[in-house]
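One structure is given below, encoded as structure tokens.
The values are calculated or read from the model by the stated rules, or taken from the named source; none is laboratory data. The structure presented is a predicted model; accordingly, all values stated were derived computationally and were not measured. Positions of Cβ are backbone-derived with ideal geometry, glycine not excepted, and every protein chain shown enters the neighbour counts.
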Amino acid sequence: MSKSSDDDKPHLAGKVVTISDVSVEAGVSITTVSRVLRGDTKLSIREETRERIFAAVKKLNYAPNPAARSLRTSKSMAIAIILPEAENPAYAPIIRGAQSAAVENGYSLLVSYCGENQTADEIYRNLALNLRVDGLLVTTSQSEDEEILMPDAAGVPTVLVNRRTKAQSSFVIVDDSAGARLAVEHLISLGHRRIAHLSGPLTHYNSAQRVKGYTTALKEAGIDPDPALIVESGYLAADGRTSTQKLLNSCEPLPTAIFCNSLLVAAATVTVCRDNGLKVPDDMSIVSLHDGTIAELIYPPLSTVRYDLFEMGRQATFSLLDLIGGDGSEKKQTVLAPVEFIKRESSTVPRQVSVQLKR
């Protein structure tokens, strides 16, 4: 069995514990230990062996040493995730998942947001060329036709998270079409026929997939989609207020249910409906994609489609680390299905809306 270098030698309780010590304790090769600890999805071993490795890690109190590894490999042992905004609660579990996978593999995770005065390309440039991160997790691309040029030009491995473009080969996304179908099918099952959708900008890949799922569910139920019931919105509360008021002002008759693209938009929709004299859910049922604490705290609690966004962050990070450790030529593509529809108090059977709106 080969002897380990000075890489990965943390000093714990006065003793240097190496990856070689772990391999001896577990009775497997150093390579196997390394691949298990970095979450190599291609490694095929018995679960008993995997458990033995983690038991050895715990017993010996082993942890990778990022500084030593960085010196030997000329890597920074840091990756970064770039987000379009800080307010959207959907990003919190993604960050936690990415952080979890990064730490397990001896990496640090930097979090960067696109501010009003900074373009995504400027952020890519700073992270890749100045901070010299080893890889990028990107959530800022929107259009399917968009090209992410800067990281590719700098030779920095990149994985898109909750985004997909034709030009970028590696991504981890949720099945937005399936999630939208779940939401709309739930409303149809309650008896709703006039269902509105506050979509994202229709040029965005995610938004287009949600509209696809929305229209598919309607057509399969024998309902002709009404273009007037699809209103473009952003993803934040201010966007939800504007788009909901636009919907209520423009539609006659009113819809009996609204399917929202995000929790913040849905929360704002509840408020705007109340401001217009509509009771939720008696006069207007509301459902949303994604789930989180906010869905349980607002009144009435929101019916939602839940995705495992923590797992999205983990899978994206594992894919990125595989690209960093390999030649970068293999595509890493993962599509996560919705976990479940969570029925809460914001959706119920429709009734004839009797409220006279101020127009």
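Scan Ala86, Ala78, Ala13 and give me the residue that is exposed (fewer than 13 other Cβ atoms within 10 Å of the Cβ) and either at pLDDT 90 or above or in contact with a strand residue (DSSP E or B) (Cβ under 9 Å, 6 or more places away or on another chain) (or both). Spell out the reasoning first.
On the way: Ala78 fails: exposed (fewer than 13 other Cβ atoms within 10 Å of the Cβ); Ala13 fails: either at pLDDT 90 or above or in contact with a strand residue (DSSP E or B) (Cβ under 9 Å, 6 or more places away or on another chain) (or both).
After applying the criteria, what remains is Ala86.
Among the residues of the stretch 19-31, is any part of a loop (DSSP other than H, G, I, E, B) and at pLDDT below 70?
There is no residue in the stretch 19-31 that is part of a loop (DSSP other than H, G, I, E, B) and at pLDDT below 70.
I'd like to verify a number: residues in the stretch 288-341 that are of a type in the set (Phe, Trp, Tyr), assigned to a helix (DSSP H, G or I) and under 27 Å from Leu182 (Cα atoms), how many? Give the derivation first.
Residues of the stretch 288-341 of a type in the set (Phe, Trp, Tyr): 299, 307, 310, 318, 341.
Filter once more, so that each one left must be assigned to a helix (DSSP H, G or I): 310, 318.
Narrowing further to those that are under 27 Å from Leu182 (Cα atoms): 310.
Looking only at that region, the number is 1.
Quick one: is Ser329 more than 20 Å from the chain's Cα centre (by Cα), modelled with pLDDT of 90 or more and not assigned by TED's automatic domain parsing to the domain that holds Gln209? Talk me through it step by step, then tell me what you get.
On the way: more than 20 Å from the chain's Cα centre (by Cα): yes; modelled with pLDDT of 90 or more: no; not assigned by TED's automatic domain parsing to the domain that holds Gln209: yes.
So Ser329 does not fit the description; no.
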Could you tell me whether any residue of the stretch 159-170 is without any contact (Cβ under 8 Å) to a residue 40 or more places away in the chain, closer than 24 Å to Phe310 by Cβ, touching a strand residue (DSSP E or B) at 6+ places or on another chain (Cβ under 7 Å) and assigned to a loop (DSSP other than H, G, I, E, B)? yes
Residues of the stretch 202-249 being in a helix (DSSP H, G or I) and of a type in the set (D, E, K, R), in sequence order, are Arg210, Lys212, Lys219, Glu220, Asp239, Arg241, Lys246
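For the structure I just gave you, tell me whether Leu202 is surrounded by fewer than 18 Cβ atoms within 10 Å (Cβ to Cβ) and either touching a Gly at 6+ places or on another chain (Cβ under 7 Å) or among the aliphatic types (A, V, I, L, M) (or both). Don't jump to the end; show me each part of the working.
Working: surrounded by fewer than 18 Cβ atoms within 10 Å (Cβ to Cβ): yes; either touching a Gly at 6+ places or on another chain (Cβ under 7 Å) or among the aliphatic types (A, V, I, L, M) (or both): yes.
It is true that Leu202 is surrounded by fewer than 18 Cβ atoms within 10 Å (Cβ to Cβ) and either touching a Gly at 6+ places or on another chain (Cβ under 7 Å) or among the aliphatic types (A, V, I, L, M) (or both).
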| said: Based on this model, can you work out whether Val184 counts as at pLDDT 85 or above, buried (at least 24 other Cβ atoms within 10 Å of the Cβ) and closer than 18 Å to Tyr124 by Cβ? | reply: no
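With on the phi > 0 side of the Ramachandran plot and either among the β-branched types (Val, Ile, Thr) or not assigned by TED's automatic domain parsing to the domain that holds Thr139 (or both) as the only criterion, which of Gly240, Gly222, Gly213, Gly234 stands out?
Details: Gly240 fails: on the phi > 0 side of the Ramachandran plot; Gly213 fails: on the phi > 0 side of the Ramachandran plot; Gly234 fails: on the phi > 0 side of the Ramachandran plot.
None of the others qualify; the one that does is Gly222.
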When the stretch 290-306 is checked residue by residue, the ones that are buried (at least 24 other Cβ atoms within 10 Å of the Cβ) and at pLDDT 95 or above are Leu302, Ser303, Thr304, Val305
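Check the stretch 135-150 and report whether any residue there is modelled with pLDDT under 85, surrounded by 14 or more Cβ atoms within 10 Å (Cβ to Cβ) and farther than 20 Å from Asn206 by Cβ. Don't jump to the end; show me each part of the working.
First, pick out the residues of the stretch 135-150 that are modelled with pLDDT under 85: 140-150.
Retained after the next criterion (residues that are surrounded by 14 or more Cβ atoms within 10 Å (Cβ to Cβ)): 140-144, 146, 148, 150.
Applying the additional criterion that residues be farther than 20 Å from Asn206 by Cβ yields 150.
Checked against the condition, which is being modelled with pLDDT under 85, surrounded by 14 or more Cβ atoms within 10 Å (Cβ to Cβ) and farther than 20 Å from Asn206 by Cβ, the stretch 135-150 yields at least one hit.
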